[in-house]
Amino acid sequence: MKTAATELFGIEAPIFAFSHCRDVVVATSKAGGFGVLGAAWMTPEHLEQELKWIDDHIGGLPYGVDMVFSSTSTTVEFDKSPRELLPAENVAFINGLLDADGVAPLPEDEVQGWYADYARNLSFSPATSEALLDVALAHPIRFVVSALGIAPPHVIQRVHDRGIKFGALVGSAKQARKQVEAGVDVIIAQGSEAGGHTGQVTSMVLWPEIVDAVAPVPVLAAGGIGRGRQMAAALALGAEGVWCGSIWLGTVESELTPDMREVLYSATPEDAIITLGYTGKPCRAIRSKYTEAWDRPDAPKPLKQVPLQSILSGEPFRRVERARRKDWMTYAAGQIVGLVNEPTSVKNVIYDMVMEYAETVDRVTRMVEE
Ligand SMILES: Cc1cc2nc3c(=O)[nH]c(=O)nc-3n(C[C@H](O)[C@H](O)[C@H](O)COP(=O)(O)O)c2cc1C
């Protein structure tokens, strides 16, 4: 295929895989697409490990890194135990529901370990993201993507100075214009049906609006794409490529546990709801007793200050995983989960997508000729 995106990155198919899992990143680039590693929740040491592994396995093919750069992001000072930052009422509420439903508590040393070793690293301060960027720029990455908000000018400059393209996820034409003014090279227009943090405008409306708003800057379409017909629709609406997240969760390469995989395979589009319970921001994830808990009339308000709700979610998520309670399990996923019903591989997803894309273009072209 030949689009602005394939030309820009020297790839065969304009299919971008966002994933927190390095195996998905490598498998995507090897299949002719472009893998992007989600690094937002990693420490610099962890990111270094992951990128070294990718470099050792990707055979020189291009890949990228996605992180949070917002200059306005909230800094939480971890000068005391992260657990002390959480309102006791919120912790007691969710743990009380789990107790009442017979989900065994975690041993106290594990709870302490979670707060000490992991939650402490969830700060999205500008200093944290620059430390991640330092690590990323020491590797042969070809694309840096801002997950939320506008990156500070010197960050975009540092990336450009290395000859690397800068991208940004947006959920509205207004945000897209601001990103282009800030110097972003590629816009990722993410419709509301997407997994993860998401806006309100659906892909069908959002994609062409953003394509028109930022032309000639290339746009990748995201939100609800998992097969060739959807890719054909995205390209027909003016996108130069597709950026997918949820479809990879069902592959054998993904990071999901066997239990979470079963939850994913049985989920319908209606199960991919928007919840504040996951991170404190509107996030599309699979409905479960955990997401429903935060909608109860007696629930305390989810914590809006990033990353407090994520820290709060950590202990219950581990507790539920340990107890293998699928009815309580949730994971960020979009409405496309309805298509994810059995194990497959990244390579198969990409192959099927390209084949169905070609058939679709052929079918639609014949309609015009007849
Ligand atoms: C499990 C999961 C985690 C995500 N985390 C991030 C993230 O950290 N940064 C980001 O820019 N996008 C994140 N996203 C959104 C994806 O980048 C992508 O835009 C979205 O998945 C596209 O819609 P789809 O899920 O319908 O494919 C996440 C998506 C999923 C499914």
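Every number in this text was worked out from the coordinates using simple rules, so none of it is lab data. Everything numeric in this text was worked out from a predicted model, so none of it was measured. Don't worry about glycine lacking a Cβ; one is built from the backbone with ideal geometry, like all the others, and counts go over all protein chains shown.
Numbers below:
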item	result
Fewest-first ranking of Val252, Val368, using other Cβ atoms within 10 Å as the exposure measure	Val368, Val252
Share, in percent, of DSSP beta bridges within the chain that are antiparallel, nearest 5	20
Extension gain (nm, one decimal) between Asn348 and Ala100, 0.36 nm per residue minus Cα-Cα	85.0 nm
Highest to lowest packing among 330-342, 84-96, scored as the average C-beta count within 10 Å	330-342, 84-96
Proximal lysines relative to Lys2, as straight alpha-carbon distance under 25 Å, when same-chain residues fewer than 8 apart are discounted	Lys30, Lys165, Lys347
Value at 222 nm in deg cm²/dmol, rounded to 500, when DSSP H runs of n ≥ 4 in the chain each add -39,500 (n - 2.57)	-12500 deg cm²/dmol
Ranked packing of 12-20, 224-232, most packed first, by mean Cβ within 10 Å	12-20, 224-232
Segment 255-340 - charge dipole about Cα centre, Lys and Arg +1 at Cβ, Asp and Glu -1, debye rounded to 20	240
Dipole moment magnitude, nearest 20 debye, the chain about Cα centre, only Lys, Arg, Asp, Glu C-beta charged	440
Reduced Cα scattering model of the chain, Debye log10 I(q)/I(0), q = 0.06, 0.09, 0.15 Å⁻¹	-0.22, -0.50, -1.41
Net lengthening on full extension, Glu359/Arg229 (0.36 nm per residue, minus Cα-Cα)	45.9 nm
Rounded FRET efficiency, nearest 0.05, which uses the C-beta distance separating Arg177 from Arg296 and R0 of 35 Å	0.35
